1. Could you check how many residues of region 253-284 are of a type outside the set (D, E, K, R), closer than 25 Å to Ser165 by Cβ and either surrounded by fewer than 22 Cβ atoms within 10 Å (Cβ to Cβ) or free of Cβ contacts under 8 Å to residues at least 12 places away in the same chain (or both)?
2. Can you name every residue in region 348-366 that is open to solvent by 80 Å² or more (accessible area, probe 1.4 Å) and in contact (Cβ under 8 Å) with a residue 60 or more places away in the chain?
3. Might you let me know whether region 285-293 holds any residue that is open to solvent by less than 80 Å² (accessible area, probe 1.4 Å), on the phi < 0 side of the Ramachandran plot, in a loop (DSSP other than H, G, I, E, B) and small (Gly, Ala, Ser)?
4. Under 9 Å between Cβ atoms, at least 6 apart or on separate chains: pull out the pairs that start in region 110-137 with a residue that is more than 21 Å from Ala91 (Cα to Cα) and end on any residue that is of a type in the set (Asp, Glu).
5. With Leu243, Leu209, Leu237 as the choices, which residue is within 25 Å of Ser322 (Cα to Cα) and either of a type outside the set (Gly, Ala, Ser) or in contact with a strand residue (DSSP E or B) (Cβ under 8 Å, 6 or more places away or on another chain) (or both)?
6. Counting just the residues of region 161-196 that are more than 22 Å from the chain's Cα centre (by Cα) and part of a helix (DSSP H, G or I), which one comes out surrounded by the most Cβ atoms within 10 Å (Cβ to Cβ)?
7. Going through region 296-319 one residue at a time, which ones are more than 20 Å from Trp252 (Cα to Cα) and open to solvent by less than 70 Å² (accessible area, probe 1.4 Å)?
8. Name, by its number, the condition in (1) polar (S, T, N, Q); (2) at pLDDT below 80; (3) open to solvent by 100 Å² or more (accessible area, probe 1.4 Å) that does not hold for Gln66.
Amino acid sequence: MAHSNGDAAAGDGEPAPVPRPLAPARKVALITGITGQDGSYLTELLLSKGYEVHGLIRRSSNFNTQRLDHIYHDPHAVPSSPRPPMRLHYADLSDSSSLRRALDAIAPDEVYNLAAQSHVAVSFEIPDYTADVTATGALRLLEAVRLARKPMRYYQAGSSEMFGSTPPPQSEDTPFHPRSPYAAAKVAAHWYTVNYREAYGLFACNGVLFNHESPRRGENFVTRKITRAVGRIKVGLQTKVFLGNLSAARDWGFAGDYVEAMWLMLQQDQPGDYVVATEESHTVEEFLQAAFGYAGLNWKDHVVIDKKYFRPAEVDSLKGDSTKARRELKWKPKVGFQQLVEMMVDHDIELAKKEKVLVDAGYRDPKQQP
């Protein structure tokens, strides 16, 4: 019996195959500051969630991608090895044309602006550059997002330094009183983000992150300077570490926890601003006690106060109130203060042992400190 045209697709009495649903498109993220501490942890998080990740890097005469080396695979070195979906592109927050080209070429769903001149003390030495990159750079990127051919969600990295001399605890409703060019530039970037959200309807969020550390922290930041010194003192490579104000109190958390909060902000139905903090505060002296004590050392035998490390305007105490983030984002820190300190000390003792091998073999000057 001949089949009608309407029955032909079904075959001889067999049901038509159900078409397979199309796999959801992979989300695409763009990260400025991808080579930094937060950029590397955020890259790991996004890759674990199936994202395609693109990072913007500045041209430099020195390689500065060490924090990404464990992720990136050179296809020429290992042709058969699958490459993670991560790419790096040259661009700069001081060059608006490079930002627009990058957004047009990559067409990301999410943009994370982590790039900045982020050292507070250095910002007093190079205030113009700090303002141009940290504040105006954010404005350039926001404008590029506004003019992009597709809607994008935008995250702006803020800092607890924006609160400055305002007494703790500090929340989203606490007034800003910045005490450094860096903090003032971050305040400007914060309000640029709010303005673009309100004026143009951008899905733009500010994350006001309190101090967050890790073994990947830059070695000229006080926490990492301390743990590097602990490692080198422990193996006999140095005897003293020079520091400034030991009574400054900070709310220290683990950077790997904090990048999750960044991602969660861009998954909400509505954009907003969030303080991200552990809600615990410790002084630099308490950090010294924890780090040196964990290694079986007495910090008072090794710490020398040097007035050159005091800031022209000090920030005495920072302690965050992250109630909103915990309620709306369902976020909370996983790594506590002592665990964070021990993680950093363990890493830096192992690093110092490797360094000592080079010193003992004559490949490195023992007087050369980080």
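The values are calculated or read from the model by the stated rules, or taken from the named source; none is laboratory data. In this text the structure is predicted, and so the values were computed from the model without any measurement. We place every Cβ from the backbone using ideal geometry, glycine too, and count neighbours over all the protein chains shown. Remember, those area values only see protein heavy atoms, side chains included, never the ligands or the DNA or RNA. Shrake-Rupley method; radii C 1.70, N 1.55, O 1.52, S 1.80 Å.
1. 4
2. Listed by number, the residues that qualify are Glu350, Lys353.
3. Restricting attention to region 285-293, the residues satisfying the condition of being open to solvent by less than 80 Å² (accessible area, probe 1.4 Å) are 285-288, 290-293.
Then keep just the ones that are on the phi < 0 side of the Ramachandran plot; that gives 285-288, 290-293.
When the remaining residues are screened for being in a loop (DSSP other than H, G, I, E, B), the result is none.
No, that holds for no residue.
4. Val120/Glu161
5. When all the criteria are applied, what remains is Leu209.
6. Taking region 161-196 as the starting set, the residues that turn out to be more than 22 Å from the chain's Cα centre (by Cα) are 165-169, 173-175, 177, 195-196.
Filter once more, keeping what is part of a helix (DSSP H, G or I): 195-196.
Numbers: Asn195: 14, Tyr196: 20.
Top of the filtered list is Tyr196.
7. If the condition is that a residue be more than 20 Å from Trp252 (Cα to Cα) and open to solvent by less than 70 Å² (accessible area, probe 1.4 Å), then Gly296, Leu297, His302, Val303, Val304, Asp306, Ala313 are the ones that fit.
8. (2)
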